[in-house]
Amino acid sequence: ARSRVNEVKAKLLFGNSAETVERGLFELGELLGATSSRPEKETGRGPDVLWLFDDCGACIEAKSEKTAPIHKSDASQLLLSGNWCEEQISSGTPKPALIFATNVTTADRPEDIAFGPRLMTETILMDVIERLRRVVLSLTYDGPLFTDAATVANKLREQGVTGAAILSKLAILK
């Protein structure tokens with residue numbers, strides 16, 4: 001389990017290709033217990049990565065290779081992905097937060113991001129990975145890994161790696 005977390009961590013480094021980072025985001029979602037998918041890759045539409053938890057979701061556009069400020073075309077892409085999510089996910093499922101996975105913290109023009117996208121930086125992802133690593137390590141003290149779902153859920157909550165806890169750590173892009 002620790003090796004798997006390390007494998008995903010290596011994919012999440014923003015020096016990798018966009019495809020590798022997107023794959024890492026998809027796999028991280030799975031490790032966190034989300035229903036994780038890659039709609040754009042699977043259907044040609046939607047976000048790069050979609051995480052759905054019981055109580056929240058994340059519509060993620062990965063811009064890991066980006067160095068220039070967020071442009072209106074980036075914002076439009078995220079908004080279109082959010083619209084796709086609203087059309088495709090089942091009713092009763094919480095509306096996913098709109099998220100850029102990037103180290104870019106500024107926008108070309110403030111009005112382009114007035115809808116309030118959130119920002120998932122590489123630093124935040126590495127923090128999530130470290131907390132997930134602590135969960136796995138603490139579970140090894142309890143005997144066979146992952147046999148009790150309640151224990152796993154409690155450990156994830158303790159380390160702040162539930163979907164809602166991760167979303168609460170993401171800054172609103174300004």
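Quick notes
- First in the range 43-68 and closer than 23 Å to residue 10 by Cβ, second anywhere and open to solvent by 10 Å² or more (accessible area, probe 1.4 Å) and of a type in the set (Phe, Trp, Tyr), Cβ under 7 Å, 6 or more apart: 49/26; 64/14
- Inside the range 1-31, residues that are closer than 30 Å to residue 141 by Cβ, open to solvent by less than 10 Å² (accessible area, probe 1.4 Å) and in contact with a Phe, Trp or Tyr (Cβ under 9 Å, 6 or more places away or on another chain) make up a count of 3.
- Residues of the range 86-102 classified as buried (at least 17 other Cβ atoms within 10 Å of the Cβ), part of a loop (DSSP other than H, G, I, E, B) and not hydroxyl-bearing (Ser, Thr, Tyr), total: 2
- Lone qualifier among 123, 162, 102 - being in contact with a strand residue (DSSP E or B) (Cβ under 8 Å, 6 or more places away or on another chain), within 26 Å of residue 6 (Cβ to Cβ), among the hydroxyl-bearing types (Ser, Thr, Tyr) and modelled with pLDDT of 95 or more: 102
- Residues that are under 16 Å from residue 122 (Cβ atoms) and not small (Gly, Ala, Ser) within the range 27-69 comprise 27, 28, 48, 49, 60, 61, 63, 65, 66, 67, listed in sequence order.
- Residue within the range 66-75 that is in contact with a Pro (Cβ under 6 Å, 6 or more places away or on another chain), at pLDDT 95 or above and open to solvent by less than 10 Å² (accessible area, probe 1.4 Å) present: no
The values are calculated or read from the model by the stated rules, or taken from the named source; none is laboratory data. What you are looking at is a predicted structure, and each value in this text was computed from that prediction instead of being measured. Backbone-built Cβ (ideal geometry, glycine too); neighbour counts: all protein chains shown. For accessibility, only protein heavy atoms count, side chains too; no ligands or nucleic acids. Shrake-Rupley method; radii C 1.70, N 1.55, O 1.52, S 1.80 Å.
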